[in-house]
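Below you'll find the structure, written out as structure tokens, and then a few comments.
The values are calculated or read from the model by the stated rules, or taken from the named source; none is laboratory data. The structure displayed is predicted, hence computed values, not measured ones. Reconstructed Cβ throughout: ideal geometry from the backbone, glycine too, with neighbour counts over all protein chains shown.
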Amino acid sequence: MNEERKPTEADCAEVLADIYVYLDHECDGQRKEVVQRHLDDCGSCLERYGIERQLKELLHRKCGGDHAPSELRDRLKASIREYTSFTSIEIEREG
């Protein structure tokens, strides 16, 4: 029998850390599947994804589609991953 698996806080943190990579269609096929499956199963992450997608669309309209330098994108990704890792650790300590 196939048990339905509930997303965990760690799963959510990982998905949210990669949400812009997913939104920008920059993740590989395997990661894309993992994120999509998680969004299908997790209402709170799906809501966050929708907010981030709307924000990205608004920025695109208002900023004329300018692209951030790759160095800035890399620093932001690293910062987001560090923050979500820290947040996950804090959640585990509280739990």
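Annotations
- Filtered residues of the stretch 17-35 (kept if surrounded by 13 or more Cβ atoms within 10 Å (Cβ to Cβ) and not charged (D, E, K, R)): Ala17, Ile19, Tyr20, Val21, Tyr22, Leu23, Cys27, Val34, Val35
- Near pairs, Cβ below 7 angstrom, 6+ apart or cross-chain, from the stretch 44-63 (of a type in the set (A, V, I, L, M)) to any residue that is surrounded by 14 or more Cβ atoms within 10 Å (Cβ to Cβ) and modelled with pLDDT of 90 or more: Leu46/Leu39
- Per-region count, the stretch 29-79, residues of a type in the set (Val, Ile, Thr) and under 14 Å from Val15 (Cα atoms): 2
- Options Lys56, Lys62; residue that is in contact with a helix residue (DSSP H, G or I) (Cβ under 7 Å, 6 or more places away or on another chain) and of a type in the set (Lys, Arg): Lys56
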